[in-house]
Amino acid sequence: MTIGVVAAITLFAFEGIAVSTVMPAVAIEFDGLGTYAWAFSAYVASSLVGMVIAGSWCDRDGPRRTMWAGLWVFAIGAVAAGLAPGMSMLIVARGVQGLGGGALIVAAYVLIARAYPEDLRPKAFSLMAASWVLPALIGPLIAGWLTDTLTWRLAFLLVPLVLVLPALMLRAVLREHDGGTGEPGPRGRIPMAFVTAVGLTMAMVAFVRPAGLPLWADGLALAIGLVLVVAGVRSLLPAGTLRLQRGLPTTVVMRGILAGAFFGAEAFIPLALVEQRGLSITVAGLALSVSALGWWIGSYAQSRIPESTDRSTTVRAGALIVTVGLVSLPLCLVPALPPMVCVVSYFVASVGMGLCFPSIAVQTLRLSPVDEQGVNSAALQISDAILSSLALGVLGAVHAAAVAQGGATSGTYDAMWWGAAAVALAAAVLAARMKPVSAVPVGSRS
């Protein structure tokens, strides 16, 4: 079980880090700096649909078919991205990848819930975090070398070949832990997933402000998009999510808040180092390599916490650590300091995320009845997708506005990173609401 899941997550680690590393080169080649954030947000928004479908499939039929479908769709999207003739087609291909990636991560969570008792789940999530360490250390070097000496396209085109090993390893464990309730699950979730994805896309269009779009149309698109997103949240996430109700609703929201802060800031680190400090793609990508090591250290630390410990305390501490890391990121753009000082800031933030993410997952599964583990695991990923996409939209809008006015400056990136730090600080304040009023599992949905 563990080897197969770790192999699959390792693939995601390589792909995710490779994409973050090569995207500055892609955006420059395609003259797509103004839509840079779309390559990330398209993946995140479409993964929402894959997560909802996967959650229902896993509860109904088990994780096996979901995992295989996700692997195939992810591979097809990667090949399409590698063959893309321009930025628009690459963004579409990233959306296809997101469908598969969303399904795969939900299936992995359900496998952990079924294969491990509650007291061992923190260790299982720690092993998942450990699977990022090797890709993070060598992924930027490989992706940067491919970009500088051959082509960035290989970072996508090689994905299907890398898929073969984890696919073979997962065959036995998927058969062993397959099977579901046979029930179709809550009605209307899949249509609402599409509605939410459309809402996120409309909001992204409004944030980026395409040329020729009048201000009133921009505002209307944003308003409609946010209404659709709110409607989706009410249908796809636990009842009480919008009110930040104690227990499961706030636990699920915490995943999205922290993901939005951390990954929103992360997406612009290589670009800032390339643009503002003149680093190469390879060297700038290496700044991301410390993330997995820091994340694993934090994840390992949470795995040593007694199972009965209230996880809201752990998440509060982790969110404060994330805040410290993000608020210090602008130091890398100070001319008097070496640009790679960001390695320390990013490492600190990653340790905090390693404390938070597994603890949020443990708390979610603890509060979930067995027949809702798939749906609630999907809810975690959906929260991640929605708030990450909105965060990337806001930060992308700031960056696109700067590009339109002559180019992003160090002040542009400072403002973006400090904004992300403020969101992480808000997460630390809200963490206490993860603790339910009573010990009764919260499984009801709106």
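Against the definition (at pLDDT 85 or above and surrounded by fewer than 20 Cβ atoms within 10 Å (Cβ to Cβ)), how does ALA265 come out, yes or no? Criteria not met by ALA265.
Residue by residue, here is whether (1) closer than 20 Å to PRO160 by Cα; (2) at pLDDT 80 or above; (3) buried (at least 24 other Cβ atoms within 10 Å of the Cβ) holds:
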residue: ALA8; (1), (2), (3): yes, no, yes
residue: PHE12; (1), (2), (3): yes, no, no
residue: VAL22; (1), (2), (3): yes, yes, yes
residue: LEU33; (1), (2), (3): no, no, no
residue: ARG65; (1), (2), (3): yes, no, no
residue: LEU71; (1), (2), (3): yes, yes, no
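Of the helices (runs of 4 or more DSSP H) entirely within the stretch 222-286, those holding at least 1 residues that are among the polar types (S, T, N, Q), more than 25 Å from VAL52 (Cβ to Cβ) and more than 17 Å from the chain's Cα centre (by Cα) occupy 269-277, 281-286.
Residues are listed down the side, and each one gets a yes or a no for (1) surrounded by fewer than 24 Cβ atoms within 10 Å (Cβ to Cβ); (2) hydrophobic (A, V, I, L, M, F, W, C); (3) under 26 Å from LEU99 (Cβ atoms):
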position: SER328; (1), (2), (3): yes, no, no
position: LEU337; (1), (2), (3): yes, yes, no
position: MET353; (1), (2), (3): no, yes, yes
position: ILE360; (1), (2), (3): no, yes, yes
position: ARG366; (1), (2), (3): yes, no, no
position: LEU380; (1), (2), (3): no, yes, yes
position: SER388; (1), (2), (3): no, no, yes
position: ALA401; (1), (2), (3): yes, yes, no
position: THR409; (1), (2), (3): yes, no, no
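Contact map, the stretch 337-353: residues that are at negative phi and assigned to a helix (DSSP H, G or I) paired with residues that are surrounded by fewer than 24 Cβ atoms within 10 Å (Cβ to Cβ) and of a type in the set (Gly, Ala, Ser), Cβ distance under 6 Å, separation 6+ or inter-chain. Pairs shown: SER345/SER328. Checking THR313 against (1) modelled with pLDDT of 90 or more; (2) out of contact with any Cys (no Cβ under 9 Å at 6 or more places or on another chain); (3) crowded, with 17+ Cβ neighbours inside 10 Å; (4) over 20 Å from TRP417 (Cα atoms), which test does it fail? Going through (1) modelled with pLDDT of 90 or more; (2) out of contact with any Cys (no Cβ under 9 Å at 6 or more places or on another chain); (3) crowded, with 17+ Cβ neighbours inside 10 Å; (4) over 20 Å from TRP417 (Cα atoms) one by one, THR313 breaks only (3). Within the stretch 375-407, can you find the residues that are small (Gly, Ala, Ser) and more than 18 Å from the chain's Cα centre (by Cα)? Those that are small (Gly, Ala, Ser) and more than 18 Å from the chain's Cα centre (by Cα): ALA397, ALA400, ALA401, ALA402, ALA404, GLY406, GLY407. Scanning the stretch 307-354 for residues that are closer than 19 Å to ALA259 by Cα and among the hydroxyl-bearing types (Ser, Thr, Tyr) turns up SER312, THR313, THR314, THR323, SER328, SER345, TYR346, SER350. Of the listed requirements (1) within 28 Å of THR323 (Cβ to Cβ); (2) in contact (Cβ under 8 Å) with a residue 60 or more places away in the chain, VAL230 misses just one: (2). Selection of the stretch 309-336 for residues being farther than 24 Å from ALA415 by Cβ and assigned to a helix (DSSP H, G or I) yields ARG311, SER312, THR313, THR314, VAL315, ARG316, ALA317, GLY318.
Residue by residue, here is whether (1) surrounded by 15 or more Cβ atoms within 10 Å (Cβ to Cβ); (2) within 30 Å of VAL22 (Cβ to Cβ); (3) modelled with pLDDT under 85 holds:
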position: TRP152; (1), (2), (3): yes, yes, no
position: LEU168; (1), (2), (3): no, yes, yes
position: VAL173; (1), (2), (3): yes, no, yes
position: ARG187; (1), (2), (3): no, no, yes
position: VAL253; (1), (2), (3): yes, no, no
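Within the stretch 68-107, being among the aliphatic types (A, V, I, L, M), part of a helix (DSSP H, G or I) and over 22 Å from VAL375 (Cα atoms) holds for ALA75, ILE76, ALA78, VAL79, ALA80, ALA81, MET87, MET89, LEU90, ILE91, VAL92, ALA93. Scanning the stretch 26-55 for residues that are more than 22 Å from PHE14 (Cβ to Cβ) and either touching a Lys or Arg at 6+ places or on another chain (Cβ under 6 Å) or free of Cβ contacts under 8 Å to residues at least 60 places away in the same chain (or both) yields ILE28, ASP31, GLY32, VAL52.
What number of residues in the stretch 386-421 are assigned to a helix (DSSP H, G or I) and free of Cβ contacts under 8 Å to residues at least 24 places away in the same chain? Full working, then the answer.
At the first step, the residues of the stretch 386-421 found to be assigned to a helix (DSSP H, G or I) are 386-404, 410-421.
This time we only want the ones that are free of Cβ contacts under 8 Å to residues at least 24 places away in the same chain, so: 398, 402, 411-412, 415.
Here the count works out to 5.
Just one residue in the set LEU244, LEU273, LEU288 is on the phi > 0 side of the Ramachandran plot, touching a residue at least 60 places away in the same chain (Cβ under 8 Å) and among the hydrophobic types (A, V, I, L, M, F, W, C); that residue is LEU244.
The values are calculated or read from the model by the stated rules, or taken from the named source; none is laboratory data. Predicted model only: the values in this text are computed from it and were never measured. Because the Cβ atoms are built from the backbone with ideal geometry, glycine has one as well, and the counts that use them run over all protein chains shown.
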